[in-house]
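Structure first, then comments.
The values are calculated or read from the model by the stated rules, or taken from the named source; none is laboratory data. Everything numeric here is computed off the predicted structure, so don't read it as measured data. Here the Cβ positions follow ideal geometry from the backbone for every residue, glycine too, while neighbour counts run over all protein chains shown.
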Amino acid sequence: MALRKEHELHKRRLGRNMGVGLLLGGFVVLVLALTMVKVTSTGFKFPQAQSQTEQN
């Protein structure tokens, strides 16, 4: 049993926070999926590292 009744403002904030959390989670999943598709594609090659003599 709660000591005080929850204010209506907290209920609205909870709904907004859940929406923002879901959007953020969806964005993370999208970035992860795009990264996995790019890395697992057949044409993907890691960039060549430059040596110190090539930079000078």
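Quick look at the values:
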{"item": "Number of the exception - HIS7 against (1) loosely packed, with under 10 Cβ neighbours inside 10 Å; (2) under 20 Å from the mean Cα position of the chain (by Cα)", "result": "(2)"}
{"item": "Filter pass, LEU14 being at pLDDT 95 or above and surrounded by 10 or more Cβ atoms within 10 Å (Cβ to Cβ)", "result": "no"}
{"item": "Exclusive hit being outside any loop (DSSP other than H, G, I, E, B) and either in contact with a strand residue (DSSP E or B) (Cβ under 7 Å, 6 or more places away or on another chain) or at pLDDT below 95 (or both), set LEU3, LEU9, LEU24, LEU32", "result": "LEU9"}
